[in-house]
C-alpha cells in the first residue's frame, strides 16, 4: 500500500503557516521515540507559527475536557496526541463531537500509523476536515551531510593554502588565528577540543 | 482569522497571493463566515434551502430532514434557510448545532428540547429586555428561562446530612454529630445522562409554552434548525434520541428542520419507519461533475481561486473531488499549499495529482480485500448491494458516493489509487 | 591620551565582551537553529526570492560544539547556497555554539553581507572571534569589517537574531528606500 509523504517538522509547520495558521492535518510517527519527537514537533511549530503550541492527550480526555482544552484559548496551536493508538470506539466518539472541537487555531493530530485506518473507518467527519494532509514525520533536515562537510573543508583549505593536518598542528601550537573561519574549520574536523 | 488582504492582485507579493487564496479555501472555516463573505454559491443545490425554509414557514409544526453525506454542504444549506426565514420578517429561526453543545454519544430523550428551550428562552428574554417589557412579564420569562436552563444544565442543591446519633462525640467528628450541609450537583439533560423518564419532557412544556406565547404575540412563528444530528451515524440511535422530542415540538407547532445520517435513507431495517414520521426528507446528493462541472467550478471561481489555478485545472480538481464539496475545497487548498512549498508561482497539474493521490490513500487505508472487491465491482458494474451493512459503511465513510438513490460510484480520488488485481494468466 | 591608554581601553572593551557573552545564554543549539530558520523563512517569504531555507541552513554537531552555517565558509562571489535579497545583496554566515547546561553560548560568528553591485561599500562583515587578540585595539574580539578585511571596528555582542534584524530591517531597508 502506498505510503504518505515524509516531511520534516519544519516543512509541516511551514504548510500550516501559509494557511494563515488554521486547519487540521495529521502527522504520523513512524517508529522511534514518541515523546522526543513530539517535543521537537511542538518546538518547530512554535518557532514557525510564532504562537504557543499545546499538547493535549486524546486519551483519556472526556468530551468536556477536550472541548474546554480546545477552546481555552481558541486560537493557539494544539497538537492532539493519540499516543500508541486509539480504539475504534474512541474515534467514533471523537467524530461525533467534531463540531465541538472546531476552533480558529490549527490542530495537528499526532498519530501512530495504524490510526489512519481507524480514522478513515470510524471518524469520517474528522477525516473530512483533514483532506489530503497526511504526513509522515521525516528527518529534520538541515543536518550537514558528509559531502557538504568535505566540500567546506576543501574550500577552507584552498582559500588559506594549507591542509587540514597543518591547520590542526597550528592550532595545537597556538598559532592558528582566532577568526571564526578557523573555529569552523576545527569544528568540522571534529577538533572542538582545540577551540 | 488573519486579516483580509485587500490590495489589487497585481500588486500582491507571491506570499500574499497564496495567503489570500488559502483564506478563501479553508475547509474548516465556519459556514456562516463563508456565507457572510459571499463565498458560497447559493444555487449549487438548486436553492434547496428555499424549499426547506418555505415549508417550515408555511406549515407550522412541520418536520423535515436534510440528509447528506459528510462534506456535502448541509450546514451551509441550513444556515441559508435560516437567513431566508429571518428575511421574511414573520419567523424566529433558531439554529443549533447540538453536537457542538453536548456529547451526542450520551444524548437521550429531552436533550433536544432542553437545548431548544435554552436558546429560545434566551432570545425571548433578550427581546423582552430590549422592548422594555413590563416588569411582571419580564420576570415571568426570566423564571421560565431559569427553569429550562436548570433542566438543561442541572443545578447545585444543598442537602442536609442528619446527625448520626450513635457516633461518639469527637472533636474531629463534630460535624458528623451536629449534621451538616453538602452541595451536590444534580445533572441536567445536556450533561451525562439521567435515566430516560417520559414525564421529564412534561417539565419543559410550561416554560416552552411561555416563550412561544411571547413570540407569537408579535405574530411570529418559531422554526428550529437542528444541525449535527447526522453525526449519529446509526439510524436507530438517531431515532431513539429524537423521536419523543420531535413529537412534543410538533404538538407545540414549532417547525423543525434537522440533519440526519445517510443511514436513514440507506440503512437496513429502520429507514422506512423513520421516514414515515417526517413531512419531507431532502437528500443532499453529491453533485456529478459531468453534468454540473461548471457549477462546481464556479465554487472555485467564487472564492477567486482561478488566479492560481490556470487553464482547465479547476476542472481537474472538480473531477478528483467527485463533487463532494468539502473535498473540492480541500483539494484546491492542498494543491496550492503543495505549489507554495515547492516554490512555484501557481498550481500545476502535478500538484493536484499529488494531493488527489494523498486523498485517495486516506480513503484506501482501513479497507479490507472484500471492501476493495466491492468497490472494484461498483466501478465496473455501477451496482452495490446496500442491504449489507458493510456496504452502507462504505457510503457513510465516503468511499462510495451517492449521486441519486440509484447512482452510486467510487470516490474518484480513491479509484485512482485502488489496487487492481493482477490479470489472470491464461 | 596615549596609544597605551587606547590599548588599555580596548582591553577593557574585550573584557566587557567576555562578560556579555557569559551573561547572554542562548537556548539549546537545536532551538537556536530552529529559531534562525523560522526567522529566515519569514523574511524570505516577504521577498520575491526563492530561498530554500530547508536546503540552505545547515547544522553540524561535534561533542559540545555546534556549527550553524548558511552559504559558503568564504564569500568569493554569489552562489546558490547564499541567502539572496530582492536588492541583489546576498548573505552567508556561520556561528559556533557551545552547549552548556540548559542552553548554549556563543563561541564565534561571522555574518558576511555583500551589498548589490554598484554600492559604495562592497560588504559588511560582523565577526566574533573565539578568543581575544594580543592587540585588541587593532582586532577587538567582536568587530565589524566595513567593506575591507583589513579594518576592524568594535561591535557589540548581539543575539544571532538581533544581527539578522539589522541586516533585514536596517541595511536592506536602506537600500530599498534608496531605490
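Among the helices (runs of 4 or more DSSP H) confined to the stretch B:192-309, the ones with at least 3 residues that are at pLDDT below 80, over 20 Å from the mean Cα position of the chain (by Cα) and under 16 Å from residue B:115 (Cβ atoms) are located at B:198-217. The condition (being within 14 Å of chain B (Cβ to nearest Cβ) and more than 26 Å from residue C:53 (Cβ to Cβ)) is satisfied by just one residue among A:24, A:91: A:91.
Out of A:51, A:90, I need the residue that is assigned by TED's automatic domain parsing to the domain that holds residue A:119 and in contact (Cβ under 8 Å) with a residue 40 or more places away in the chain. Which one? Before you say what the answer is, go through the steps one by one.
Working: A:90 fails: in contact (Cβ under 8 Å) with a residue 40 or more places away in the chain.
Of the residues listed, the single one that is assigned by TED's automatic domain parsing to the domain that holds residue A:119 and in contact (Cβ under 8 Å) with a residue 40 or more places away in the chain is A:51.
Being in contact with a helix residue (DSSP H, G or I) (Cβ under 9 Å, 6 or more places away or on another chain) and either at pLDDT below 95 or loosely packed, with under 15 Cβ neighbours inside 10 Å (or both): is that true of residue C:77 here? Give the steps one after another, and end with the answer.
Details: in contact with a helix residue (DSSP H, G or I) (Cβ under 9 Å, 6 or more places away or on another chain): no; either at pLDDT below 95 or loosely packed, with under 15 Cβ neighbours inside 10 Å (or both): yes.
No, not satisfied.
Based on this model, can you work out whether residue A:19 counts as within 14 Å of chain C (Cβ to nearest Cβ), within 16 Å of residue A:130 (Cα to Cα) and surrounded by fewer than 23 Cβ atoms within 10 Å (Cβ to Cβ)? If you could, list the steps in order and put the result at the bottom.
On the way: within 14 Å of chain C (Cβ to nearest Cβ): yes; within 16 Å of residue A:130 (Cα to Cα): yes; surrounded by fewer than 23 Cβ atoms within 10 Å (Cβ to Cβ): no.
When the stated conditions are applied, residue A:19 does not pass them.
Go through B:103, B:97 for me and flag whichever is within 14 Å of chain A (Cβ to nearest Cβ) and either touching a strand residue (DSSP E or B) at 6+ places or on another chain (Cβ under 8 Å) or at pLDDT 85 or above (or both).
Values: B:103 fails: either touching a strand residue (DSSP E or B) at 6+ places or on another chain (Cβ under 8 Å) or at pLDDT 85 or above (or both).
Only one candidate passes the filter, namely B:97.
Within the stretch A:27-54, the set of residues being surrounded by fewer than 17 Cβ atoms within 10 Å (Cβ to Cβ) and away from chain C (no Cβ under 14 Å) comprises A:30, A:31, A:32, A:33, A:34, A:35, A:52, A:54.
Among residues that are within 11 Å of chain A (Cβ to nearest Cβ) and either crowded, with 21+ Cβ neighbours inside 10 Å or touching a residue at least 40 places away in the same chain (Cβ under 8 Å) (or both), residue C:68 is included.
Condition check: farther than 15 Å from residue A:11 by Cα and touching a residue at least 24 places away in the same chain (Cβ under 8 Å). Does residue C:47 satisfy that?
Yes: the conditions hold for residue C:47.
Checking the stated criteria, residue A:153 turns out not to satisfy the condition of being buried (at least 18 other Cβ atoms within 10 Å of the Cβ), within 11 Å of chain B (Cβ to nearest Cβ) and part of a helix (DSSP H, G or I).
As a summary of the residue check, residue B:70 satisfies the conditions (1) modelled with pLDDT under 85; (2) within 14 Å of another protein chain (Cβ to nearest Cβ); (3) in a loop (DSSP other than H, G, I, E, B) except for the one numbered (1). Between B:386, B:312, B:395, B:375, the distinction of being at pLDDT 95 or above and either touching a helix residue (DSSP H, G or I) at 6+ places or on another chain (Cβ under 8 Å) or surrounded by fewer than 20 Cβ atoms within 10 Å (Cβ to Cβ) (or both) belongs to B:375 only.
Results for (1) within 14 Å of chain A (Cβ to nearest Cβ); (2) in contact with a strand residue (DSSP E or B) (Cβ under 8 Å, 6 or more places away or on another chain); (3) touching a residue at least 60 places away in the same chain (Cβ under 8 Å); (4) over 26 Å from residue B:49 (Cβ atoms), shown as yes or no for each residue.
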site	(1), (2), (3), (4)
B:286	yes, yes, yes, no
B:291	no, no, no, no
B:295	no, no, yes, no
B:302	no, no, yes, no
B:311	no, no, no, yes
B:326	yes, no, yes, no
B:330	yes, no, yes, no
B:355	yes, no, no, yes
B:365	yes, no, no, yes
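The number of residues in the stretch B:107-131 being in contact with a strand residue (DSSP E or B) (Cβ under 6 Å, 6 or more places away or on another chain) and surrounded by fewer than 21 Cβ atoms within 10 Å (Cβ to Cβ) comes to 1. Looking only at residues of the stretch A:114-141 that are in a loop (DSSP other than H, G, I, E, B) and crowded, with 22+ Cβ neighbours inside 10 Å, we find that the one that is farthest from the other protein chains (Cβ to nearest Cβ) is A:123.
Yes/no per residue for (1) in contact with a helix residue (DSSP H, G or I) (Cβ under 7 Å, 6 or more places away or on another chain); (2) within 10 Å of chain A (Cβ to nearest Cβ); (3) surrounded by 15 or more Cβ atoms within 10 Å (Cβ to Cβ):
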{"position": "C:54", "(1), (2), (3)": "yes, yes, yes"}
{"position": "C:99", "(1), (2), (3)": "yes, no, yes"}
{"position": "C:102", "(1), (2), (3)": "no, no, no"}
{"position": "C:107", "(1), (2), (3)": "yes, yes, yes"}
{"position": "C:129", "(1), (2), (3)": "yes, yes, yes"}
{"position": "C:141", "(1), (2), (3)": "yes, yes, yes"}
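List the helices (runs of 4 or more DSSP H) inside the stretch A:3-111, counting only whole elements, that have at least 2 residues being touching a helix residue (DSSP H, G or I) at 6+ places or on another chain (Cβ under 7 Å) and closer than 22 Å to residue C:31 by Cα.
Details: elements: A:9-18, A:34-49, A:63-71, A:88-96, A:98-101.
Of the helices (runs of 4 or more DSSP H) lying wholly inside the stretch A:3-111, those with at least 2 residues that are touching a helix residue (DSSP H, G or I) at 6+ places or on another chain (Cβ under 7 Å) and closer than 22 Å to residue C:31 by Cα span A:9-18, A:34-49.
Against the numbered list (1) under 30 Å from residue B:417 (Cβ atoms); (2) in contact with a strand residue (DSSP E or B) (Cβ under 8 Å, 6 or more places away or on another chain); (3) more than 14 Å from chain B (Cβ to nearest Cβ), residue A:111 comes up short only at (3). The set of residues from the stretch B:23-50 being outside any loop (DSSP other than H, G, I, E, B), touching a helix residue (DSSP H, G or I) at 6+ places or on another chain (Cβ under 9 Å) and either within 14 Å of another protein chain (Cβ to nearest Cβ) or in contact (Cβ under 8 Å) with a residue 60 or more places away in the chain (or both) comprises B:24, B:31, B:32, B:34, B:48.
If you go through the stretch B:401-422 and keep only what is farther than 18 Å from residue B:317 by Cα and either crowded, with 21+ Cβ neighbours inside 10 Å or within 13 Å of chain A (Cβ to nearest Cβ) (or both), you end up with B:402, B:418, B:419. Does the stretch A:57-68 hold any residues that are more than 14 Å from chain B (Cβ to nearest Cβ) and buried (at least 16 other Cβ atoms within 10 Å of the Cβ), and which are they? A:58, the sole residue that qualifies.
The values are calculated or read from the model by the stated rules, or taken from the named source; none is laboratory data. Here the structure is a predicted model, which means the values were calculated and not measured. Here Cβ is always computed from backbone atoms with ideal geometry, including for glycine, and neighbour counts include all displayed protein chains.
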